[in-house]
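The values are calculated or read from the model by the stated rules, or taken from the named source; none is laboratory data. Predicted, not measured: the structure shown is a model, and the values here were computed from it. Positions of Cβ are backbone-derived with ideal geometry, glycine not excepted, and every protein chain shown enters the neighbour counts. Quick note on the areas: whole protein, heavy atoms, side chains included, nothing else; ligands and nucleic acids left out. Shrake-Rupley method; radii C 1.70, N 1.55, O 1.52, S 1.80 Å.
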Amino acid sequence: MAENVPQHTHCHICMKAIPIGETYCSEECKQKYQSMAKRRKLMVYLMYGMLAALIVVIMLYNR
Ligand SMILES: [Zn+2]
C-alpha cells in the first residue's frame, strides 16, 4: 500500500492538514489548545484534591 500524499501532519485541534513542523493551523487553534490544556491541569488538581479528601475520610473511618 503506497500512499502518494505529500508529507504533512494535522492540526491538533481541528485535524486540518498542515505542513510538517507545525502543530496548529492557526493562532485560534493554538489558543483553543492552550485553554484546553489549562482546564485539563485544573481537572488533575481537582482529582488530587478529591483523592486526598477520600484518604482523609477513609482514615477517619478506620480509627
Ligand atoms: Zn486548526
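Structure values in brief
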item: Per-region count, region 9-26, residues open to solvent by less than 70 Å² (accessible area, probe 1.4 Å), of a type outside the set (S, T, Y) and in a loop (DSSP other than H, G, I, E, B); result: 4
item: Any pair with Cβ under 7 angstrom, 6 or more apart, that starts in region 27-55 at a residue that is in a helix (DSSP H, G or I) and ends at one that is open to solvent by less than 100 Å² (accessible area, probe 1.4 Å); result: C29/C11; C29/I13; C29/C14; K30/Y24; K32/I13; Y33/I13; Y33/Y24
item: Residue match in region 19-34 (condition: of a type in the set (A, V, I, L, M), at pLDDT below 95 and within 21 Å of the chain's Cα centre (by Cα)); result: yes
